[in-house]
Amino acid sequence: MHMLELTRRNALVGGLATLAASPISAGAQTRSRSGSPPPIGAAERKRRLSDVQQRMQSLGIGALVIESGPALDYFTGIQWHRSERPTMAVVPASGAAIIITPFFERPSVSESLQLPLEIRPWQEDQSPYVPVADYLKSRGVGALPIAFEETTRAFIVDGVRRLLPTARLADGAALVRPIRMRKSAAELALMQHASDITIKALKQTHAQVKLGESNHDIAARFERIVGELGGSDTWALVLIDEAAALPHGSGRPQEVKRGSIVLMDCGCAVHGYQSDISRTFVFSADPTPEQRKVWGQVRQGQAIAFAAARVGAPAGTVDDAVRRQYEAWGYGPGYALPGLSHRTGHGIGMEGHEPVNLVHGETTALAPGMCFSNEPGIYIPGKFGVRLEDCFHMTATGPAWFSVPPPSIDQPFA
């Protein structure tokens with residue numbers, strides 16, 4: 001999401017010009033000529049498992065349990081839904097990881113498994129936690145803590161605890177987060193391609209907006225275009241006029257009128273890696289002075305955030321920088337309205353929202369490979385809102401855009 005700061009007017013103007021000219025992404029250079037970059041391969045997933053095992057050893061953790069979801073996909077390639085029947089990976093600090101899944105699901109689960117890992121099935125009349133406990137005992141984990149990936153559901157943790165009552169349990173965030181937060185060149189290339197598809201679809205959708213159509217009509221058109229361009233897992237939030245002042249929308253009917261503010265917050269995935277881009281424009285009329293002013297302030301907010309995103313800086317200082325400028329303009333204070341009621345940005349990768357966030361108080365230092373949205377919107381309840389959102393990734397020398405922010409309200413696309 002949004003916010004950031006540049007304190008001097010001339011610095012802001014210079015920053016806007018620099019941003020418009022900045023390269024889109026180093027990741028784009030890794031793309032194959034055929035179009036979409038290749039999916040993440042087995043070699044990279046093997047390196048990820050090695051990295052997490054090295055972290056376990058350095059932190060004195062005996063094993064890590066990961067249930068189905070993005071983290072399991074990240075390390076093994078297994079793409080499987082969550083249900084009451086757990087599918088899990090058990091990763092010891094040294095040695096081979098194993099996969100645990102229901103017996104009747106084994107053929108389906110193995111289809112997306114990219115590594116030569118042993119699969120230990122459990123039958124419907126058996127506990128899924130027995131093979132977990134048996135393997136941990138066989139590895140002699142015993143005195144060392146057992147970590148659980150941070151999104152693991154409580155009933156799975158409880159199931160393992162009942163079978164290993166003397167084991168110490170730990171949160172796996174310190175193991176998994178630092179690895180997933182820093183994207184590889186292959187990951188950046190996939191995110192770049194998802195961003196490119198989203199921008200193309202936004203441009204085409206914008207060009208086809210019609211008087212009187214609903215926000216749902218616009219969203220459906222965007223999703224159709226993304227499919228034609230090769231994206232998947234498409235989503236679109238379209239907000240018109242007063243609804244644009246509500247960051248995540250309204251269920252009330254909305255239709256396009258002349259002079260309407262139209263806010264489009266959209267994204268898709270390429271081989272599991274996400275985009276998230278927002279554009280706000282005025283339909284079929286010259287913007288009012290207030291619309292033009294607020295749009296320009298949000299664009300400056302993006303420039304402030306980009307300038308504040310420096311390697312080594314605490315992530316929360318990006319949000320603080322934007323908010324200081326917004327308060328100087330009379331918004332807020334803090335997260336109060338009118339103003340910016342949400343964080344300036346969020347982490348992004350395999351999930352649309354990942355740790356860490358660009359939010360006040362976040363102390364995690366920015367480092368190369370980290371990816372964020374930059375979306376410092378301004379919302380005026382009862383009137384309208386403006387959100388511009390582009391994602392960037394950190395390089396050794398600072399941030400680099402996946403999508404270039406728009407130059408003006410009259411040119412809502414770069």
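Some points to look at:
- Top-ranked residue of the stretch 171-194 - restricted to ones that are open to solvent by less than 30 Å² (accessible area, probe 1.4 Å) and out of contact with any helix residue (DSSP H, G or I) (no Cβ under 9 Å at 6 or more places or on another chain), ranked as farthest from Leu366 (Cα to Cα): Ala194
- Residue satisfying all of: in the stretch 41-72; open to solvent by less than 10 Å² (accessible area, probe 1.4 Å) and among the β-branched types (Val, Ile, Thr); nearest to Val141 (Cα to Cα) among these: Val65
- Scanning the stretch 337-353 for residues that are open to solvent by 20 Å² or more (accessible area, probe 1.4 Å) and closer than 22 Å to Pro70 by Cβ yields Arg343, Met350, Glu351, Gly352, His353.
- Residue check, Lys293 in contact (Cβ under 8 Å) with a residue 24 or more places away in the chain and surrounded by fewer than 22 Cβ atoms within 10 Å (Cβ to Cβ): no
- Checking Gly347, Gly352, Gly332, Gly361 one by one, the residue that is touching a residue at least 40 places away in the same chain (Cβ under 8 Å) and either of a type in the set (Lys, Arg) or at positive phi (or both) is Gly361 and no other.
- No other residue among Ser341, Ser403, Ser373 is out of contact with any Leu (no Cβ under 7 Å at 6 or more places or on another chain), touching a residue at least 40 places away in the same chain (Cβ under 8 Å), of a type in the set (S, T, N, Q) and part of a strand (DSSP E or B) apart from Ser373.
- Filter pass, Ala315 being crowded, with 23+ Cβ neighbours inside 10 Å, free of Cβ contacts under 8 Å to residues at least 60 places away in the same chain and farther than 20 Å from Phe281 by Cβ: yes
- The number of residues in the stretch 119-138 that are assigned to a helix (DSSP H, G or I), more than 34 Å from the chain's Cα centre (by Cα) and under 15 Å from Arg162 (Cα atoms) comes to 3.
- Residues of the stretch 141-152 that are part of a loop (DSSP other than H, G, I, E, B) and touching a strand residue (DSSP E or B) at 6+ places or on another chain (Cβ under 7 Å): Val141, Pro145, Glu149, Glu150, Thr152.
- Of everything in the stretch 260-311 that is in a strand (DSSP E or B) and polar (S, T, N, Q), the residue that is nearest to Ile348 (Cα to Cα) is Gln274.
- From the list Gly334, Gly369, the one residue that fits, being touching a helix residue (DSSP H, G or I) at 6+ places or on another chain (Cβ under 9 Å), modelled with pLDDT of 95 or more, open to solvent by 10 Å² or more (accessible area, probe 1.4 Å) and among the small types (Gly, Ala, Ser), is Gly334.
- Scanning the stretch 296-307 for residues that are touching a helix residue (DSSP H, G or I) at 6+ places or on another chain (Cβ under 9 Å) and buried (at least 24 other Cβ atoms within 10 Å of the Cβ) yields Gly301, Gln302, Ala303, Ile304, Ala305, Phe306.
- Criterion applied to Val356, Val322 was being farther than 30 Å from Ile225 by Cα, open to solvent by less than 10 Å² (accessible area, probe 1.4 Å) and assigned to a strand (DSSP E or B), and the one residue passing it is Val356.
- Every residue from the stretch 73-100 that is part of a strand (DSSP E or B), touching a residue at least 24 places away in the same chain (Cβ under 8 Å), within 14 Å of Ala63 (Cα to Cα) and of a type in the set (A, V, I, L, M): Met88, Ala89, Val90, Val91, Ile98
- Pairs linking a residue in the stretch 228-245 that is among the β-branched types (Val, Ile, Thr) to a residue that is open to solvent by 30 Å² or more (accessible area, probe 1.4 Å), with Cβ atoms under 7 Å and 6 or more positions apart or on different chains, are Thr234/Glu223; Thr234/Gly227; Ile240/Glu255.
- Matching option when the condition is touching a helix residue (DSSP H, G or I) at 6+ places or on another chain (Cβ under 8 Å), of a type in the set (A, V, I, L, M, F, W, C), open to solvent by 10 Å² or more (accessible area, probe 1.4 Å) and closer than 22 Å to Asp390 by Cα, among Leu239, Leu263, Leu229: Leu229
- Residue count, the stretch 376-389 (criterion: part of a loop (DSSP other than H, G, I, E, B) and either crowded, with 23+ Cβ neighbours inside 10 Å or of a type in the set (Val, Ile, Thr) (or both)): 4
The values are calculated or read from the model by the stated rules, or taken from the named source; none is laboratory data. Since the structure is predicted, the reported quantities are computational estimates derived from the model, not experimental observations. Note: ideal-geometry Cβ built from the backbone for every residue, glycine included; neighbour counts use all protein chains shown. Note: areas computed on protein heavy atoms with side chains; ligands, DNA, RNA excluded. Shrake-Rupley method; radii C 1.70, N 1.55, O 1.52, S 1.80 Å.
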